[in-house]
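Working notes for the structure below.
The values are calculated or read from the model by the stated rules, or taken from the named source; none is laboratory data. Since the model is a prediction, treat every value here as computed from it, not as a measurement. All Cβ positions, even for glycine, are placed from backbone atoms using ideal geometry, and neighbour counts span all protein chains on display. Note: accessible area is taken over every heavy atom of the protein model, side chains too, but ligands, DNA and RNA are not part of it. Shrake-Rupley method; radii C 1.70, N 1.55, O 1.52, S 1.80 Å.
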Amino acid sequence: MNKIPQHIAIIMDGNGRWAMERGKDRTEGHVAGVATVKKITAECVRMGVKYLTLYAFSTENWNRPDAEVAALMKLVLTSMQRELFDENNVRMRLIGDRARLPKDVLEAIEKLEADTAAYTRMTVTIALSYSSRWEITDAVQKIAREAAEGKINPEDITEETICKHLDSAFQPDPDLLIRTGGEQRISNYLLWQIAYSELYFTPVYWPDFNEEELHKAVENFQTKQRRFGKTEAQIEEEEKEKNIK
């Protein structure tokens, strides 16, 4: 427990396949996935994780069949309940293109953001109508407008400038990215932020991803030496200096 990632990001994949393999409609897999969100959120709180970011619906997911999109939006609306956040002292945040969300869904989410704003134990960020390319494009547009207005010189734009204009600027970069469902790709998720994140892929479908599976991912993370471009010797020396202090 002495090396818990402070920020875990998860690509919650496999809901539809989980349902279809059981002869059920794909929507039932998404319903089962919501139950997993509640379990994993509570366990992350217990473990001391400070930020949990969940990829719920991408900008590309708008291209799915209308019936499935409508069912997913309805599920988002019904799952935006305060109890989980109240019980665990968890704040809820949203990243994504809010303009594309149905009005009732957006209103429910923004109300939950306001109602949980004072909670401090952990922040759960829902990536909804989100893609990394959308987020980076949006940040570039904001910076371009500021440059056009004379608020910033193009020569003064740095990595920090871009970070501050991202939709997710309120939280640190993920330490650990988990993808369930067996696929080994990033799917346009937090591309800027995961430059030095540890990646963990599991064949387990999201509805079956329980506390034990989360522990496996964290244990794998704990075996890694995060060097951020430095050498192993440099990291070991820095650790020695910390221990001396």
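Checking every one of the GluC sites (Glu not before Pro) in the stretch 136-203 against DSSP loop status and a limit of 12 other Cβ atoms within 10 Å picks out GLU149.
Of the trypsin sites (Lys or Arg not before Pro) found in the stretch 1-103, those in coil by DSSP whose Cβ has at most 15 other Cβ atoms within 10 Å are LYS3, ARG22, LYS24, ARG82.
Per residue, the convex hull spanned by the alpha carbons of the stretch 1-111 comes to 116 Å³.
Between amide H atoms placed 1.01 Å from N, distances below 5 Å from TYR130 occur with PHE57, SER58, THR59, ASP97, all of them 5 or more places distant or on a separate chain.
If only the Cβ of Lys and Arg carry +1 and only the Cβ of Asp and Glu carry -1, the dipole of the chain around its Cα centre is close to 260 debye. Using R0 = 25 Å, the C-beta based FRET efficiency linking GLU211 and TYR119 works out to 0.70.
Beyond 26 Å between alpha-carbons counts as too far, so tell me which of LYS3/LYS74; LYS142/LYS224; LYS74/LYS111; LYS50/LYS164; LYS103/LYS142 fall in that bin. Don't skip to the answer; put the middle values down first.
On the way: LYS3/LYS74 38 Å; LYS142/LYS224 36 Å; LYS74/LYS111 16 Å; LYS50/LYS164 20 Å; LYS103/LYS142 24 Å.
Beyond 26 Å between Cα atoms: LYS3/LYS74; LYS142/LYS224.
In the chain, excluding the sites themselves, the longest stretch lacking any of the chymotrypsin sites (Phe, Trp or Tyr not before Pro) that are in a DSSP loop with at most 14 other Cβ atoms within 10 Å is 1-169.
Spin-label model, GLU107 to THR137: label points 7 Å out along the Cα-to-beta-carbon direction sit 2.9 nm apart.
Applying 1/(1 + (r/R0)^6) with R0 = 25 Å to the Cβ-Cβ distance of ALA99 and MET20 gives a FRET efficiency near 0.20. Over the chain, with a single point scatterer placed on each C-alpha, what log10 of the ratio I(q)/I(0) does the Debye formula yield at q = 0.16 1/Å? Here the Debye-derived log intensity ratios amount to -1.27.
Per residue, the chain exposes an accessible area of 53 Å² to a 1.4 Å probe, with every protein chain left in place.
Please work out the FRET efficiency for the pair GLU60 and ASP86, using the Cβ-Cβ distance as r and a Förster radius of 22 Å; give the result to the nearest 0.05.
My answer for the efficiency is 0.10.
The local environment of ASN210, defined by Cβ-Cβ distances under 12 Å, has a net charge of -2 under the rule Lys, Arg +1 and Asp, Glu -1. Take the Cα of LEU199, go 7 Å toward its beta carbon, and the backbone nitrogen atoms of the stretch 1-16 under 19 Å from that spot belong to 7-14. So, counting K/R as plus one and D/E as minus one, what does the shell of residues with Cβ under 12 Å around ASP173 add up to? Neighbour charge sum, excluding ASP173 itself: -2.
Applying both filters, DSSP loop and at most 12 other Cβ atoms within 10 Å, to the trypsin sites (Lys or Arg not before Pro) of the stretch 124-196 gives LYS151, ARG185. Amide H neighbours of LEU94 under 5 Å, counting only residues 5+ apart in sequence or on other chains, H built in-plane at 1.01 Å? Residues meeting the amide H criterion: ILE126.
Ignoring ligands, DNA and RNA, what percent of the accessible area of the chain is carbon or sulfur (1.4 Å)?
Values: 6370 of 13080 Å².
Heavy-atom surface of the chain belonging to carbon and sulfur, 1.4 Å probe: 49 percent.
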